[in-house]
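Take a look at the structure below.
The values are calculated or read from the model by the stated rules, or taken from the named source; none is laboratory data. What you see is a predicted model; the values in this text were computed from it and never measured. Here the Cβ positions follow ideal geometry from the backbone for every residue, glycine too, while neighbour counts run over all protein chains shown.
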Amino acid sequence: LCTLNILLSCFCHLNCMGSGFSLFGNMLKCGYEPNVIILMTLVKGLCMDEKIAEASDFFLKMVEIDYPYNEVTFGTLINGLCKMGNNRMALRLLQGMEKGGRRCSPDAYVYSMVIDSLCKDGLIKEAFKLFREMDGKQIIQDVVTYSSLIRGLCNLGEWETVEKLFDEMCERGILPNLITFNILVDALCKERRVEEANHLVGLMNQRGVEPDMITYNTLIDGYCFTGQMDVAMKIFYSIASKGHEPNVVSYSTLINWFCKNRRVDEAMQLFRQMPRKGLKLDAVVYNVLICGFCQVGRIADAKDLFSEMQVHGQCPDVVTFNALMDGLCKNNCLVEALKMFKQMENSGFRPDIISFSILINGLCKAGEIESAKKLFKCISSNGLQPNVFTYTVLIDGLCKSGLIGEAVGFFVQMEEKGCQPD
RNA sequence: CUGGAUCGUUAG
C-alpha cells in the first residue's frame with residue numbers, strides 16, 4: 001500500500017489524475033482496502049487541481065512527519081471533493097475518517113458538507129440517510145445542516161417536507177438564520193411565488209433577522225423573473241434607505257432582465273452608472289451585456305464589449321465565448337463562430353458541453369449536418385458528455401434534413417447512455 | 001488565526 005501510495009503521489013505530481021484514478025481503481029480491484037492516507041493523497045491531488053505538485057509535496061511531508069491530520073484536514077479535503085462534484089469519494093472519505101491511524105470523529109461540518117453536496121445532485125434520499133446517521137452518532141445537526149437540506153428539498157419542490165424541517169429545527173432551538181431565510185426567499189422566487197417571498201422577508205424582519213443585499217437581490221431577480229421590472233426597480237432604489245447600497249449583483253440582475261426584455265439601451269445606461277457608483281465591472285456583467293447584444297443581433301456592439309472587458313482587465317471566460325459563438329451562429333456568421341472556437345482553445349480555455357451544443361446547433365441550422373456529426377464525435381475526446389440539449393439539437397437537425405433513421409439512432413443512444421429525453 | 005449552507009451571466 002505504501003508503495004502504491006508513493007506512485008499515486010507521483011501521478012499527482014505529474015498532474016495525471018486520470019492515471020491516478022486508474023491506479024486507484026486497480027488497487028480496489030486487487031482487493032486493497034484503501035486507507036485514509038491513500039484517499040487523502042488522491043483527494044489532495046484533485047483538490048488543488050492546478051496546484052497539484054505543491055499539494056502532493058505538502059501531503060508527502062504530512063505523512064513523513066506523521067502530521068496530525070484531524071477533523072479540519074478532513075473537512076478541507078472533503079469540501080474539495082464535494083466542490084468537484086465527487087460525492088462518491090466524499091462519502092468514502094467521510095466513512096474513512098474513523099478508520100485511520102488517528103481516529104477522527106466526523107462532526108457536523110463534514111456531514112453538512114456531504115449532505116449539501118448530495119442535495120445539489122438531487123440525491124435527497126442519500127442526504128437524509130446521512131442526516132439520520134448523525135442522530136445515531138450523537139452528532140447534533142446545526143443550522144447549516146438544516147439549511148442545506150431545506151435548499152435541496154426546495155429545489156425538488158418538496159415544500160411539505162421543507163415546512164416540517166423548518167418547524168423541527170425551530171423546536172430543537174436551532175434557529176433559522178439569514179442564510180436559511182435567503183434560501184427560502186430564493187426558492188419561492190424561483191417558483192414564481194414572489195409575493196410569498198416578499199411576505200417571508202417581512203417575517204424574517206419580525207424575527208429579528210435583518211435582510212441583507214442577497215435578500216434584496218434575490219427579490220429583485222424574482223420580480224424581474226415574473227415580469228414585474230417596475231417593482232424590481234422600486235426595490236433597487238429603496239435599498240439605500242435600508243442602509244445598504246446596490247452592489248454588482250443588483251446591477252447585473254437588472255441589466256440581465258433589461259436585456260432579456262430586449263431593452264438593451266436601458267441595460268447599457270445602468271451599466272455605465274456602475275463605475276460612477278464605485279462598482280467594479282466583473283466578467284458576469286460583461287457576459288450579460290454581450291449576450292444581450294447578440295440576442296438583438298447587435299454583434300458589433302457585443303464584440304466591442306468583448307474588447308472592452310479585456311482592456312478593463314476582465315478575462316473572458318467560457319460563458320463569454322459561448323455567448324459570442326451563439327450570437328455569431330444565429331446571425332449567419334457560422335464561420336466566425338468556428339474561428340472563435342479555435343481561438344478559445346488556443347488561448348487555453350476548455351470548451352464545455354454548452355460550447356459544443358451551440359456549434360452543433362449552428363452547424364445543423366446551416367445545413368452542415370456532416371460537420372455537426374463530426375463535432376459531436378469530438379465531445380467525448382474532450383472529456384465531456386453530451387446532454388439533453390446536445391442530443392436535441394442534433395436530432396432536430398437530422399430530422400429536418402430528412403435523416404430520420406439516424407435521428408432515431410441517436411435517440412436510442414441517448415437513452416442507452418442514461419441521458420433522459422425530456 | 002484553520003474546514004461547511006444563500007443572490008446575477010451562455011445552448012435545444
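Taking first residues from the stretch A:332-344 that are closer than 20 Å to A:ARG298 by Cβ and partners that are not in a helix (DSSP H, G or I), the Cβ contacts under 8 Å between residues at least 6 apart in sequence or on separate chains come to A:LEU334/A:ALA366; A:LEU334/A:GLU368. Counting the residues of the stretch A:309-319 that are assigned to a helix (DSSP H, G or I) and buried (at least 17 other Cβ atoms within 10 Å of the Cβ) gives 2. The residue pairs whose first member lies in the stretch A:356-370 and is surrounded by 23 or more Cβ atoms within 10 Å (Cβ to Cβ), whose second member is aliphatic (A, V, I, L, M) and not in a helix (DSSP H, G or I), and whose beta carbons are closer than 9 Å, counting only pairs six or more residues apart or on different chains, are A:PHE356/A:LEU384. Within the stretch A:235-246, being more than 26 Å from the chain's Cα centre (by Cα) and part of a loop (DSSP other than H, G, I, E, B) holds for A:ILE239, A:GLY243, A:HIS244, A:GLU245. Whether a residue is crowded, with 17+ Cβ neighbours inside 10 Å, basic (Lys, Arg) and modelled with pLDDT of 95 or more was assessed, and A:LYS339 does not pass this test.
Among the residues of the stretch A:206-234, those that are crowded, with 19+ Cβ neighbours inside 10 Å and assigned to a helix (DSSP H, G or I) comprise A:THR215, A:TYR216, A:ASN217, A:THR218, A:LEU219, A:ILE220, A:ASP221, A:GLY222, A:TYR223, A:CYS224, A:MET229, A:ALA232. Within the bounds of the stretch A:107-115, is there any residue that is exposed (fewer than 13 other Cβ atoms within 10 Å of the Cβ) and of a type outside the set (Val, Ile, Thr)? Within the stretch A:107-115 (the criterion being exposed (fewer than 13 other Cβ atoms within 10 Å of the Cβ) and of a type outside the set (Val, Ile, Thr)), the answer is no, since none of the residues qualifies. Considering the stretch A:65-173, the qualifying helices (runs of 4 or more DSSP H), each wholly inside and each with 3 or more residues that are under 22 Å from the mean Cα position of the chain (by Cα), run over A:71-83, A:87-96, A:108-120, A:124-136, A:143-155. In summary, A:PRO275 fulfils each of the numbered conditions (1) buried (at least 19 other Cβ atoms within 10 Å of the Cβ); (2) touching a Leu at 6+ places or on another chain (Cβ under 8 Å); (3) not β-branched (Val, Ile, Thr) with the single exception of condition (1). Here A:VAL319 fulfils each of the conditions (1) under 24 Å from A:PHE258 (Cα atoms); (2) without any contact (Cβ under 8 Å) to a residue 12 or more places away in the chain apart from (2).
Here A:GLU196 meets each of (1) more than 25 Å from A:ALA302 (Cβ to Cβ); (2) part of a helix (DSSP H, G or I); (3) within 27 Å of the chain's Cα centre (by Cα); (4) touching a residue at least 12 places away in the same chain (Cβ under 8 Å) with one exception, condition (4). Scanning the stretch A:320-335 for residues that are surrounded by 16 or more Cβ atoms within 10 Å (Cβ to Cβ) and in a helix (DSSP H, G or I) gives A:THR320, A:PHE321, A:ASN322, A:ALA323, A:LEU324, A:MET325, A:ASP326, A:GLY327, A:LEU328, A:CYS329, A:LYS330, A:LEU334. Out of all the residues in the stretch A:183-191, is one or more at negative phi and within 7 Å of RNA strand B (Cβ to nearest atom)? There is at least one residue in the stretch A:183-191 that is at negative phi and within 7 Å of RNA strand B (Cβ to nearest atom). Taking the stretch A:358-422 as the region of interest, the helices (runs of 4 or more DSSP H) fully inside it that hold 3 or more residues being at pLDDT 95 or above, basic (Lys, Arg) and out of contact with any helix residue (DSSP H, G or I) (no Cβ under 7 Å at 6 or more places or on another chain) are A:369-381. Tell me whether the stretch A:174-187 contains one or more residues that are free of Cβ contacts under 8 Å to residues at least 24 places away in the same chain and either assigned to a helix (DSSP H, G or I) or small (Gly, Ala, Ser) (or both). No, that holds for no residue. Within the stretch A:99-108, the set of residues being touching an Asp or Glu at 6+ places or on another chain (Cβ under 7 Å) and either more than 9 Å from RNA strand B (Cβ to nearest atom) or of a type in the set (Phe, Trp, Tyr) (or both) comprises just one member, A:SER105. Being in a helix (DSSP H, G or I) and either small (Gly, Ala, Ser) or closer than 16 Å to A:SER355 by Cα (or both) holds for only one residue in A:PHE341, A:PHE293, A:PHE306, and it is A:PHE341.
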